[in-house]
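First up is the structure itself, then whatever we jot down about it.
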Amino acid sequence: MPVLKFEDESFRIRGAIFEVYREIGCGFLEAVYQECLEKEFHSQEIPFSSHKELLIYYKNKPLQQIYRPDFICFNQIIVEIKAVAELTNEHFAQAHNYLRASGLELGFLVNFNHHPKAQIERIVK
């Protein structure tokens, strides 16, 4: 069986996500989940930065536009959160673009407005 990239870190991130969902459930705005997940990452000592600016380049020249993923954990995993009825192709494209812009290889697209548990999609570059 192949080993997943960043398996231990992924397990810890997923655990924090499920803990937030267990505590407050679905139905809140994305900003509420952002704040709760920040608190949970701190509580579980998961290193992260939130809304870190990622430069975008066109033909090796930086653009004025920037991306800001919700979280970058362990300096290597992007976590993008949503609170929507269902994830769409645009959400997946956004996560893929964050990976491309950052040069990172792994991301999680999380939907907290999913029942009966948070939906976590693993995105690999």
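The values are calculated or read from the model by the stated rules, or taken from the named source; none is laboratory data. Worth saying up front: this structure is predicted, and the values here are computed from it rather than measured. Quick reminder, even Gly has a Cβ in these numbers, built from the backbone with ideal geometry, and neighbours come from all protein chains shown.
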Inter-residue pairs, beta-carbon under 6 Å, first within 15 Å of residue 9 (Cβ to Cβ) and in segment 103-125, second of a type in the set (Lys, Arg) and assigned to a loop (DSSP other than H, G, I, E, B), 6+ apart
105/125; 106/5
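Quick one: would you say residue 120 is out of contact with any Pro (no Cβ under 7 Å at 6 or more places or on another chain) and modelled with pLDDT under 95?
Judged against the criteria, residue 120 is not a match.
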If we only count strands (runs of 3 or more DSSP E) wholly inside segment 65-125, which ones have 2 or more residues that are out of contact with any Asp or Glu (no Cβ under 6 Å at 6 or more places or on another chain) and surrounded by fewer than 19 Cβ atoms within 10 Å (Cβ to Cβ)?
119-124
Working only within segment 54-109, note down all residues that are over 20 Å from residue 17 (Cα atoms) and touching a Ser or Thr at 6+ places or on another chain (Cβ under 9 Å).
54, 67
Across (1) modelled with pLDDT of 95 or more; (2) over 15 Å from the mean Cα position of the chain (by Cα), residue 82 clears everything bar (2)
Given (1) modelled with pLDDT under 95; (2) among the aromatic types (Phe, Trp, Tyr); (3) part of a helix (DSSP H, G or I), residue 57 misses just (3)
Scan (1) within 13 Å of residue 13 (Cα to Cα); (2) not in a loop (DSSP other than H, G, I, E, B) for the single condition residue 46 breaks and write down its number.
(2)
Residue ID - farthest from the chain's Cα centre (by Cα), chosen from residues in segment 9-49 that are closer than 16 Å to residue 71 by Cα and among the small types (Gly, Ala, Ser):
43
Could you please tell me which pairs satisfy a Cβ distance under 7 Å, a separation of 6+ or placement on different chains, a first residue in segment 61-75 that is over 26 Å from residue 15 (Cβ atoms), and a second residue that is part of a loop (DSSP other than H, G, I, E, B)?
66/53
Qualifying residue in segment 29-52 (condition: within 19 Å of residue 97 (Cβ to Cβ), at pLDDT 95 or above and of a type in the set (Phe, Trp, Tyr))
no
